Amino acid sequence: NAAFVACATGVTYNGLAAGTHNFPVRATDAANNMDESPASYSWAVQSAVNCGAPQTLTASGDAWINSGSPTDNKGSDSILKVMSKSGANLRGLVRFNLPTLPQGCSVESALLRIYAKSAAGGRTLQVLQLGGSWTEGGVNWSNQPATTGPAVTVASGTGYREWSVAAMVQAQYTGTNNGFLVRDAVENQDAEQQFHAREESSNRPQLVLTLGNGAPPPAPNGVPETQITGSPLAATTS
């Protein structure tokens, strides 16, 4: 609604308020006759979305499972055991209650942190997204849910081990949140890690979550969530 002013090609505006804006342009000739139908372009400036401050979540459920005792449940243990051992591989499961994702926000970063009180050196520890439901007091080796997508890895050691799981957490928001599986990358050997479970009084499993209004991370398997897998039939003379 401002008055027309003379301008050259390449006008730039900064700091425009949120809302709809319209930029009209009209021409005049040498005799100062004005264009009666100015060209115009309209656009909207959206308010910045407040996605909140980073959050550190504590586990809402965890357990470890044993291939050597396939029906045993260890959901109440204060330790999460992960071991590569022939006939007795151990794996850990952990899940977090995710906060509501504000409209216009996505997962900017997510760091899974689990504290190792003891560790075998030289091991590669994997985290995978769980593709099915489980309960802390009911999961065992025989009924463990399958995983989905590729693993993220970190080297073994004591103290907090950290895995970047942003793509997995974004997939949990768009699909189902079943948590994570922690395992040795090469099982059937002889190496054990002991982590603090949520039942421990200190250094419990954490998910450090940051939400933002940028583009969401790619799907964990590197494949778009929506895929075209079919095509029209080939053309025929009929």
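The values are calculated or read from the model by the stated rules, or taken from the named source; none is laboratory data. Everything quoted here is computed from the prediction, not taken from an experiment. Neighbour counts run over all protein chains shown; Cβ positions are idealised from the backbone, glycine included. When the accessible area is computed, the model is the full protein with side chains, heavy atoms only, and any ligands, DNA or RNA have been set aside. Shrake-Rupley method; radii C 1.70, N 1.55, O 1.52, S 1.80 Å.
General remarks:
- Every residue from segment 98-119 that is among the aliphatic types (A, V, I, L, M) and not in a strand (DSSP E or B): Leu98, Leu101, Ala119
- Only one entry of Val49, Val45 meets the criterion of being hydrophobic (A, V, I, L, M, F, W, C) and open to solvent by 50 Å² or more (accessible area, probe 1.4 Å), and that entry is Val49.
- Test: residue in segment 90-97 that is open to solvent by less than 40 Å² (accessible area, probe 1.4 Å), assigned to a loop (DSSP other than H, G, I, E, B) and farther than 17 Å from Ser164 by Cβ: no
- Residue check, Gly214 modelled with pLDDT under 80, out of contact with any Lys or Arg (no Cβ under 7 Å at 6 or more places or on another chain) and either closer than 23 Å to Asn97 by Cα or not in a loop (DSSP other than H, G, I, E, B) (or both): yes
- For the residues Val165, Val186, Val169, the requirement of being out of contact with any Phe, Trp or Tyr (no Cβ under 8 Å at 6 or more places or on another chain), β-branched (Val, Ile, Thr), open to solvent by less than 30 Å² (accessible area, probe 1.4 Å) and in contact (Cβ under 8 Å) with a residue 24 or more places away in the chain singles out Val169.
- Among the residues of segment 1-29, those that are in a strand (DSSP E or B) and β-branched (Val, Ile, Thr) comprise Thr20, Val25, Thr28.
- For segment 53-65, the criterion of being of a type in the set (S, T, N, Q), outside any loop (DSSP other than H, G, I, E, B), open to solvent by less than 50 Å² (accessible area, probe 1.4 Å) and modelled with pLDDT of 95 or more is met by none of the residues.
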